[in-house]
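Right, one structure below, let's go through it.
Readers should treat all values here as calculations from the given coordinates under stated rules, not as data from a laboratory. Source: prediction; values computed, not measured. Using ideal geometry, Cβ is built from the backbone for each residue, glycine included, and neighbour counts are taken over all protein chains shown.
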Amino acid sequence: MFASRARISLSPYLFISAPRSFHARALRPRPSLPTQASYLHAPVRFGMPVQTRQSSAAVVVRDADPGPSRPRKRVKVTVEESKVFGEVVDELVEGDFAPSSASTTKRKTKRKRRVVKAEESSALVESDEEEEGDTQRILSDPKPPRSSGAKAKATPKPKGKTEAKPKAYDPTSFLPRVSSPWKVGAHVSAAGGVENAVVNAAMIGANAFALFLKPQRTWASAPLSASSVALFKERMEELSYEAKHVLPHGSYLVNLGNPDGEKRKKSYDCFIDDLKRCEALCLRYYNFHPGSTVGQTTREESIRLIGESLNEAHKATKGVVTVIENMAGAGNVIGSTFEDIRDIIGWVEDKTRVGVCFDTCHAYAAGYDISTQAGWEETMQKFDEVVGIRYLVGMHLNDSKTACGSRRDRHENLGMGTLGLPAFRAILTDPRTRDIPLILETPSFERPKEVWGVEVGVLNALSVLGPATEKRSMEELAEEVRRAVGKASLEAGKGKRGAKKVVRKKRKRGGEEEEDGEEDGDEE
């Protein structure tokens, strides 16, 4: 028997007391509308709690089978005050409409949008002789009711720009590369939090990546938040990244070879802060520029100071490997020769806590000709003899704008510089470069997916490229990069919203100014 009174509460859950044969359906917005929310997340049966957006509404309940002797009843139901915040609602409800007089729900309108505000309302519950389950939940509408077969007008879309939904990462194209023996990626942005770097890497199809752990041109920064650390670890696991394939980059300000004790202490504090961030994120490596001589200090003295600083940092931290990057050789910068790197490692007490990142542009500018297969083999043989191939734990893959031996650090996109794609083919087919992070630092023109996404694909193609008769030759791969870079640079040059021009400027690194092609822009 139908109860003489029912109570409906829409805040924060919906409870409906009525015979179990009754069924209520949720009013859902059209998929074309910007919102994905619905007033009820799923159809509900009476008496079951359902999460809902709060709203005042008229509810029509029809008796399933009143029987021949049951009189028609009208029961008043109180609907508690509730709220809907800016939800756009459909004008059409499945089945018949209740008469507009059945509800006193107030509404306010905005141009091209119908928005229900929070106000008290009441509704009538009508019991009638209908089929079982003919229950409809409707919002009051002043327009005359339509028949069940009537076609409703589409709710007009508001003029002007609608708020764009944030792009979700799609790891589909990334998944096949997880099993690749060569771990290729780029130095991606960590703007907004280090956890975003993981998503940005997945967006370009990378299976390795680099990032800044804090703004790279400031001495002090706020510590990593617990939420950022947790999200970083969660996304690393979700997208199948391993800690050994992430190569964080250090601050450009650090110069551990500075003879001035106070200035060297400032560099050391910044350096140790980064190492502790690596520990918090459970990362294995930390890549840094070794520094430079200052004033009358000899090269040997600066190298000794760098080695001693590394020993002190290793004792203050646990497990993180400090990775020395080879340099281009401008001015009095240390680390442009394999002998410099060997001597720094010689001062390090715990050899398991030190490694080397080989930058292709820097090596080429410093005079190591790796533009051919033979040149690459010769360079690696010398590296092994002087430093030791066991210390190679990462690489930066960059073409060069300048000639071999120029001592100028000017990065160029792959295949568009003086180094050329044959050098990268030699690297991507060398077993010694397997399972280490191979990181792009080429210009992206603020279009990482369009530029780095193509370059990552080119590097993966080079790792499996066959003989000259292969369909995708190196010339075709170079053309792919040129097209992507041309389009991205054109859009950046037009000054479209969100685009930034790549600014070439003098950067002071470790006391020596040096022109450089690396990009900024991922400050947190």
Given points 7 Å out from each Cα along the Cα-Cβ axis, report the Gln296 to Ala222 separation in nanometres with one decimal. 4.6 nm
Expected sort for 430-439, 455-464 on mean C-beta neighbours within 10 Å, highest first, is 455-464, 430-439
In whole Hz and in residue order, list the ³J(HN,Hα) couplings for the stretch 391-408 that follow from phi through the Karplus curve 6.51 cos²θ - 1.76 cosθ + 1.60, θ = phi - 60°; x for Gly and Pro. 8, 6, 10, x, 9, 10, 9, 9, 7, 10, 7, 10, 6, 4, x, 6, 6, 10
Excluding Ile370 itself, calculate the net charge of residues whose Cβ lies under 12 Å from the Cβ of Ile370, where each Lys or Arg counts +1 and each Asp or Glu counts -1. -4
With θ set to phi - 60°, apply the Karplus curve 6.51 cos²θ - 1.76 cosθ + 1.60 along the stretch 249-264 and write out the HN-Hα couplings as whole Hz, x wherever there is a Gly or Pro. 10, x, 5, 6, 7, 6, 9, 6, x, 6, x, 6, x, 5, 5, 5
Whole-Hz couplings from phi, Karplus 6.51/-1.76/1.60, listed for the stretch 298-307; x for Gly and Pro: 7, 4, 4, 5, 5, 5, 5, 5, 5, x
Using modelled backbone amide H atoms (1.01 Å from N, in-plane), which distant-in-sequence or interchain residues come within less than 5 Å of Glu412's amide H? Asp399, Ser400, Lys401
Take the cross-link list Lys233/Lys276; Lys244/Lys276; Lys214/Lys487; Lys183/Lys244; Lys183/Lys449; Lys233/Lys351 and give me the ones stretching past 20 Å between alpha-carbons. Lys214/Lys487; Lys233/Lys351
For Ala190, residues with placed amide H under 5 Å, excluding near neighbours: Phe212
Please list, by residue number, everything in the stretch 253-267 whose backbone N is under 11 Å from a paramagnetic label point 7 Å out along Cα→Cβ of Trp347. 256-259
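Using only alpha-carbon positions, what ratio does the radius of gyration of the stretch 190-497 give when scaled by 2.2 N^0.38 Å?
Values: Rg = 19.2 Å, N = 308, 2.2 N^0.38 = 19.4 Å.
So the stretch 190-497 has a normalised radius of gyration of 0.99.
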How would Ser400, Ser179, Ser371 line up from fewest to most surrounding beta-carbon atoms within 10 angstrom? Ser179, Ser371, Ser400
Residues whose modelled amide H sits under 5 Å from the amide H of Gly394, counting only those 5 or more places away in sequence or on another chain, are Val356, Phe358
Can you sort Met327, Met203 so the residue with the fewest Cβ neighbours within 10 Å comes first? Met203, Met327
